[in-house]
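Provided herewith is a single structure, encoded as structure tokens, for subsequent inquiry.
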Amino acid sequence: MPEILVLNGPNLNLLGHREPEIYGHTTLDDLANDLTNKAPSDTTLTFFQSNHEGEMIERIQALLHQPVTGIIFNPGAWTHTSVAIRDAVSSVKPVLVEVHISNVHQREPFRQTSYFSDLAIAVIAGCGLNGYHFALQTILNHSKDH
Ligand code: DQA
């Protein structure tokens, strides 16, 4: 039975309200409901969002004792800054798909480096919230092949 953890970093709790021209009008709760409704019935999805780096590190470290099939991670601004969260991910070595709602490569230069992409089986950027659905499919396909 696949178990997927969906992690969202800082400011993604403001989804639907924050810069809607970039991130759209859908809230994080709506995204969670939509992903859950469309996931295969045997798949369990768990959601966690934090604005606190230490809290996110502890959530990722918890995977050492409670492993999951894969994680969908939008690290938000931590993508470009957080060696500490990267180290947590490399310690746990989950099946990781990195998601960005916007096309970070089309934006400011500081958004074009990621501390996570080389740890991920796939990186999805610029597909809006569909990126989370694609990420789920990618992890499920990967788990069938491995
Ligand atoms: C983001 C892109 C990041 O650069 C930004 O800091 C975010 C959201 C995205 O989903 O497009 O918070 O990860």
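The values are calculated or read from the model by the stated rules, or taken from the named source; none is laboratory data. Computed from a prediction, not measured in an experiment: that's the story for all the values here. Using ideal geometry, Cβ is built from the backbone for each residue, glycine included, and neighbour counts are taken over all protein chains shown.
Of the numbered conditions (1) under 28 Å from Gly16 (Cα atoms); (2) part of a helix (DSSP H, G or I), Ile124 fails exactly one; give the number of that condition.
(2)
Have a look at Arg111, Arg59, Arg86 and point out the one that is more than 16 Å from the ligand (Cβ to nearest atom), modelled with pLDDT of 95 or more, in a helix (DSSP H, G or I) and basic (Lys, Arg). It would help to see each step written out before you state the result.
Details: Arg111 fails: more than 16 Å from the ligand (Cβ to nearest atom); Arg86 fails: more than 16 Å from the ligand (Cβ to nearest atom).
On inspection, the qualifying residue turns out to be Arg59.
Return the total of residues in the stretch 32-44 being surrounded by fewer than 17 Cβ atoms within 10 Å (Cβ to Cβ) and farther than 14 Å from Leu129 by Cα.
Just the residues of the stretch 32-44 that are surrounded by fewer than 17 Cβ atoms within 10 Å (Cβ to Cβ), to begin with: 33-34, 36-38, 40-42, 44.
Retained after the next criterion (residues that are farther than 14 Å from Leu129 by Cα): 37, 40-42, 44.
Qualifying residue count, the stretch 32-44: 5.
Same structure, new question: Being within 16 Å of the ligand (Cβ to nearest atom), surrounded by 14 or more Cβ atoms within 10 Å (Cβ to Cβ) and not small (Gly, Ala, Ser) is true for just one of His80, His105. Which residue is that? Step through it out loud before you land on a result.
Details: His105 fails: surrounded by 14 or more Cβ atoms within 10 Å (Cβ to Cβ).
Selected residue: His80, the only one of His80, His105 that is within 16 Å of the ligand (Cβ to nearest atom), surrounded by 14 or more Cβ atoms within 10 Å (Cβ to Cβ) and not small (Gly, Ala, Ser).
Kindly evaluate Ser114 against the criterion of being buried (at least 19 other Cβ atoms within 10 Å of the Cβ), closer than 27 Å to Leu140 by Cβ and polar (S, T, N, Q). So that I can check it myself, show each step before the final result.
Values: buried (at least 19 other Cβ atoms within 10 Å of the Cβ): yes; closer than 27 Å to Leu140 by Cβ: yes; polar (S, T, N, Q): yes.
Yes; evaluated as a whole, the condition is true for this residue.
When only residues in the stretch 19-31 that are in contact with a helix residue (DSSP H, G or I) (Cβ under 9 Å, 6 or more places away or on another chain) and assigned to a helix (DSSP H, G or I) count, which is surrounded by the most Cβ atoms within 10 Å (Cβ to Cβ)?
Leu31
Moving on to the next point. All but one of (1) farther than 20 Å from Pro10 by Cα; (2) touching a His at 6+ places or on another chain (Cβ under 6 Å) hold for Ala125, so report the exception by its number.
Unmet for Ala125, out of (1) farther than 20 Å from Pro10 by Cα; (2) touching a His at 6+ places or on another chain (Cβ under 6 Å): (1).
Then there is this: Suppose we filter Leu35, Leu14 for residues that are among the aliphatic types (A, V, I, L, M) and away from the ligand (no atom under 11 Å from the Cβ); which single one remains? Working first, answer last.
Working: Leu14 fails: away from the ligand (no atom under 11 Å from the Cβ).
Every option except Leu35 fails the conditions.
Listed here are the residues, each with its yes/no results for (1) among the acidic types (Asp, Glu); (2) touching a residue at least 12 places away in the same chain (Cβ under 8 Å); (3) under 21 Å from Asn13 (Cα atoms).
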site: Asn51; (1), (2), (3): no, yes, yes
site: Ile71; (1), (2), (3): no, yes, yes
site: Gly76; (1), (2), (3): no, yes, yes
site: Val95; (1), (2), (3): no, yes, no
site: Pro109; (1), (2), (3): no, no, no
site: Ile121; (1), (2), (3): no, yes, no
site: His133; (1), (2), (3): no, yes, yes
site: Ile139; (1), (2), (3): no, yes, no
site: Ser143; (1), (2), (3): no, yes, no
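Tell me which of these Ile71 doesn't satisfy, since it passes every other one: (1) in contact with a helix residue (DSSP H, G or I) (Cβ under 6 Å, 6 or more places away or on another chain); (2) assigned to a strand (DSSP E or B).
(1)
Which ones in the stretch 89-102 are in a strand (DSSP E or B) and more than 11 Å from the ligand (Cβ to nearest atom)?
From the stretch 89-102, those in a strand (DSSP E or B) are 96-100; that's our starting set.
Correct list: Leu96, Val97.
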